[in-house]
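Novice: Have a look at this one before I ask anything.
The values are calculated or read from the model by the stated rules, or taken from the named source; none is laboratory data. As the structure is a computational prediction, the values presented were derived from the model and not from experiment. Cβ: placed from backbone, ideal geometry, glycine included. Neighbour counts: every protein chain shown.
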Amino acid sequence: MPDPHKTGKVSGNQEEQFLEAFDEYADALFRHASIRLSDRERAIDLVHDAFTKVWSYVRSGQEIDSFRPFLYKVLNNLIIDEYRKRRESSLDAILEVEGVTEGSFEELVDDNTEALAATIDGRKAFELLKTLSDEYREVITLRFVDGLGPKEIAELVEESENVVSVRLHRALKALRLAIETEEKKREDRRLGGAEDEKQK
């Protein structure tokens, strides 16, 4: 990360706020990027890039009212770029295939989503999160790992709260289905093993 002490172009207040933001949010941003990318080294790189971009923005004389959402926004954009590089297709194309458009559904009450989340085993969910699509993993990570609300997520991903609520609800249902499928496979293997023992 660039050393803010080596430049005199930034007001002392903004410099101090930047350093405080680094101390306060670096670990959370790294955790977020690690889960989203399933690649620790790449996560380190992107978090470093995010802070570098934000510092450059501050150096250019721009004021940042709240560093936390701004940092998440910058990091989120870098992660989306990373997805695009990996898949050589835009996130927009993925969303079009899924068919989620603004106003397609009645707004989901956040309480319903929270109730669904409460039925999911956290440890199993964490193990299977990587099996979900990028956009599902994104909203679950932002909501339940980073603790952002639907409105904050909507601002980050540049979608309506309605679309975010729908995607989050679908993502949780997909995650629960993945957990149930995995549990069924384990049970089948266990029963198969017991059957083999009987035949011996």
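Novice: Every residue in the range 56-73 that is assigned to a helix (DSSP H, G or I), surrounded by fewer than 21 Cβ atoms within 10 Å (Cβ to Cβ) and in contact with a helix residue (DSSP H, G or I) (Cβ under 7 Å, 6 or more places away or on another chain), please.
Specialist: Residues satisfying the conditions are PHE67, ARG68, PRO69, PHE70, LYS73.
Novice: In the range 154-195, what count of residues is obtained for those that are surrounded by fewer than 11 Cβ atoms within 10 Å (Cβ to Cβ) and of a type in the set (A, V, I, L, M)?
Specialist: Result for the range 154-195: 2.
Novice: Look at GLU159 and say whether it is over 18 Å from ARG68 (Cβ atoms), at pLDDT 85 or above, outside any helix (DSSP H, G or I) and among the charged types (D, E, K, R).
Specialist: So GLU159 fits the description; yes.
Novice: Is one or more of the residues making up the range 141-148 buried (at least 18 other Cβ atoms within 10 Å of the Cβ), within 25 Å of ALA26 (Cβ to Cβ), without any contact (Cβ under 8 Å) to a residue 60 or more places away in the chain and not assigned by TED's automatic domain parsing to the domain that holds PRO69?
Specialist: Yes, that holds for at least one residue.
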